[in-house]
1. Tell me, which residue of region 164-183 that is open to solvent by less than 30 Å² (accessible area, probe 1.4 Å) and out of contact with any Phe, Trp or Tyr (no Cβ under 9 Å at 6 or more places or on another chain) is modelled with the lowest pLDDT?
2. Among the residues in region 293-313, are any touching a helix residue (DSSP H, G or I) at 6+ places or on another chain (Cβ under 7 Å), at pLDDT 90 or above and either aromatic (F, W, Y) or open to solvent by 50 Å² or more (accessible area, probe 1.4 Å) (or both)?
3. Can you tell me which residue is least open to solvent (accessible area, probe 1.4 Å) among those in region 1-24 that are polar (S, T, N, Q) and assigned to a loop (DSSP other than H, G, I, E, B)?
4. Go through A42, A52, A27 for me and flag whichever is aliphatic (A, V, I, L, M), in contact with a strand residue (DSSP E or B) (Cβ under 6 Å, 6 or more places away or on another chain), within 22 Å of D204 (Cβ to Cβ) and open to solvent by 30 Å² or more (accessible area, probe 1.4 Å).
5. Here are some conditions: (1) touching a residue at least 60 places away in the same chain (Cβ under 8 Å); (2) farther than 17 Å from H7 by Cα. A47 meets all but one. Which one does it not meet?
6. I'm told T83 meets every condition in (1) hydroxyl-bearing (S, T, Y); (2) within 24 Å of G139 (Cα to Cα); (3) surrounded by fewer than 21 Cβ atoms within 10 Å (Cβ to Cβ) except one. Can you identify the failing condition by its number?
7. Would you call T63 under 19 Å from V189 (Cα atoms), open to solvent by less than 50 Å² (accessible area, probe 1.4 Å), polar (S, T, N, Q) and touching a helix residue (DSSP H, G or I) at 6+ places or on another chain (Cβ under 7 Å)?
8. For residues that are closer than 13 Å to Q233 by Cβ and part of a helix (DSSP H, G or I), scanning just region 253-278, find the one that is most open to solvent (accessible area, probe 1.4 Å).
Amino acid sequence: MNNYAIHAEGLVKHFGDTKALDGIDIAVPEGSVLGVLGPNGAGKTTAVRILATLLQPDAGHATIAGHDLATDPDGVRRSIGLTGQYASVDEQLTGRENLVLVARLLDLTRASAAQRAEELLEQFGLTEAADRRTRTYSGGMRRRLDLAASLVGRPQVIYLDEPTTGLDPSKRDDMWNVVRSLTDQGTTVLMTTQYLDEADALADSIAVIDNGLVIAEGTPEELKRIVGGRSLQVRPTHERDFADVTALLTNITGRPVEQPAKGLLAVPVTDGSALTEVVAGLGQRGIAVTELALKLPDLDEVFFTLTGKPAPADDATDELELVP
């Protein structure tokens, strides 16, 4: 257990007659990222709130950074940071004032609070906007400030509950870089997300929760293998070569060729040996391609296979998980 920054066993939580968690187990090694996926109402936010001491479980046990959730909640709180689904900064204060306020609440001296605020403003690219009221900040800036505030106390563990909800693609990339920098510094991250590509890009391991249970866990690659099979994908440079490439793929694999996207040809394969044959065949025929890849299924397919439901919509909300 010493190697785990987060270790939970058998967590159970009821809201009236509804069982939000039905005995989940979570283990996150130090300095890694766990992505938590699941349909709306699965129990993701409930689990985060329990691990952050905001809710008490009805059963189960957990330790966070070596502190027992039940017997040492203060130790847990000193070791964690939490960024919720929506930025919680004070809009009447400037970015700098928000960070200094949090630092002072954590008992830093005035000088130390000012220094820590300056460090975080620079780290999150907010120095130029530091003395503007946060009500003038864009959504991406507020999210970065919110995350900066959760890092004031240099937590060993940070919970990110859908950290990029509502951000445009470029701002999501900015937040992804922030998460990567956290793990580079040794911080452990538990991240719930509605975006499967986000989990694929950031998570060392993924836990899929449905109906309050962890129904699958593993690396992104391990989960993709659940769907079964790989596909060999080829995108010919010239449309005139489509027929020849289709015939080549069929002859080598003995399988029918599909077109999952415009200009892209794909055929299921059982191993990687077909890739070498296809490369040789393309070379012999002088066929140019702009894309050639041996691909596992994506996480959207895994999600549907495991839960029987499509990936959640970006703007979906979950009233159950907002119950205090």
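The values are calculated or read from the model by the stated rules, or taken from the named source; none is laboratory data. Remember, it's a predicted structure, so these values are computed and weren't measured experimentally. Please note: Cβ atoms are built from the backbone with ideal geometry, for glycine as well, and neighbour counts cover all protein chains shown. Keep in mind that these areas ignore ligands, DNA and RNA; they rest on the heavy atoms of the full protein, side chains included. Shrake-Rupley method; radii C 1.70, N 1.55, O 1.52, S 1.80 Å.
1. Looking at residues that are open to solvent by less than 30 Å² (accessible area, probe 1.4 Å) and out of contact with any Phe, Trp or Tyr (no Cβ under 9 Å at 6 or more places or on another chain), I get L167.
2. No - not one qualifying residue is present in region 293-313.
3. Just the residues of region 1-24 that are polar (S, T, N, Q), to begin with: 2-3, 18.
In the following step, the residues that additionally are assigned to a loop (DSSP other than H, G, I, E, B) were identified as 2-3.
On the way: N2: 140, N3: 123 Å².
Here the residue is N3.
4. Within the list A42, A52, A27, the selection yields A27.
5. The single condition A47 does not satisfy is (2).
6. The one condition T83 does not meet is (3).
7. When the stated conditions are applied, T63 does not pass them.
8. Among those residues, the one meeting the criterion is L275.
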